[in-house]
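Heads up: the structure comes next, in structure tokens.
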Amino acid sequence: MTIKKQKGRFITFEGIDGAGKSTHIQFVSGMLTKAGIDHIITREPGGTPLGEQLREILLHQKMSVATEALLMFAARQEHLEQKILPALQQGIWVISDRFADASFAYQGAGKQFSWEKLEQLETWVLGDTQPDLTLLFDLPAEIAEERRSGTHEPDKFEQEKNDFFQRAQAGYLKRAGTYPERFRVIDSSQSIAVIQSKIADIIQPMIDASH
């Protein structure tokens, strides 16, 4: 009898710049490594050679918000086809620093681009692909700004004002309310130890179910 390999799990990390995603991605990666689960870490925009080229354009060149949204989804299409879906089909878990929810938060809510058009792009590009779990790190824009300041040369999104990030965070919470079955909202103003304890409580059952 042939044993069918279990499909990989798709976990996305979301939150405004400064919410602490990178630290927590490494924590989850460590949990998966300890459990012997094969996984990859990727990011958006980016994740593929073409996606990384588009990332440079998106993060540093001025353009209309419509162009920005289209390029984000173009990079996402390539990301899905070339990296995410092949890994999942091989039973490899995928951890992504941002995914489609970021377009709704940043271009939709932050830059007030048509939510309906973003939903059309999402349907076209993603089809029925959605993350198994989305961890949303909820942090007031003022605290996020303090954490971002002086860490590196800011890209064009990081240079946005606090009202932009307040709208983006509201957009994220709107998405969380629309898809409560896959979102887990975590208060990112807490200590790293407290946050990672909560993350472990969420991830460990997924690990246990995979064995």
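The values are calculated or read from the model by the stated rules, or taken from the named source; none is laboratory data. Remember, predicted model here, so these are calculated numbers, not experimental data. Glycine also receives a Cβ, built like all others from the backbone with ideal geometry; neighbour counts cover every protein chain displayed.
The set of residues in segment 176-192 that are out of contact with any Asp or Glu (no Cβ under 9 Å at 6 or more places or on another chain) and either modelled with pLDDT of 95 or more or among the β-branched types (Val, Ile, Thr) (or both) comprises 177, 178, 180, 181, 184, 192. When segment 164-211 is filtered for residues that are under 12 Å from residue 15 (Cβ atoms), in a helix (DSSP H, G or I) and aliphatic (A, V, I, L, M), the ones remaining, listed by number, are 168, 173, 176, 195.
With the structure loaded, tell me whether residue 189 is touching a residue at least 24 places away in the same chain (Cβ under 8 Å), among the small types (Gly, Ala, Ser) and within 21 Å of residue 30 (Cα to Cα) or whether it fails that test. It is false that residue 189 is touching a residue at least 24 places away in the same chain (Cβ under 8 Å), among the small types (Gly, Ala, Ser) and within 21 Å of residue 30 (Cα to Cα).
You will find that of 202, 195, the residue that is among the β-branched types (Val, Ile, Thr), surrounded by fewer than 18 Cβ atoms within 10 Å (Cβ to Cβ), in contact with a strand residue (DSSP E or B) (Cβ under 9 Å, 6 or more places away or on another chain) and at pLDDT 95 or above is 202 and no other. Among the residues of segment 90-100, none qualifies, meaning not one is free of Cβ contacts under 8 Å to residues at least 60 places away in the same chain and of a type outside the set (A, V, I, L, M, F, W, C). The residue list 41, 11 contains one member that is surrounded by fewer than 20 Cβ atoms within 10 Å (Cβ to Cβ) and in contact (Cβ under 8 Å) with a residue 12 or more places away in the chain, which is 41. Flag set for residue 29, criterion: surrounded by 16 or more Cβ atoms within 10 Å (Cβ to Cβ), small (Gly, Ala, Ser) and out of contact with any Asp or Glu (no Cβ under 7 Å at 6 or more places or on another chain).
If you go through segment 167-194 and pick out every residue that is more than 17 Å from residue 119 (Cα to Cα) and of a type in the set (Lys, Arg), you end up with 3.
Scanning segment 53-81 for residues that are loosely packed, with under 15 Cβ neighbours inside 10 Å, of a type in the set (D, E, K, R) and either free of Cβ contacts under 8 Å to residues at least 24 places away in the same chain or at positive phi (or both) turns up 56, 81.
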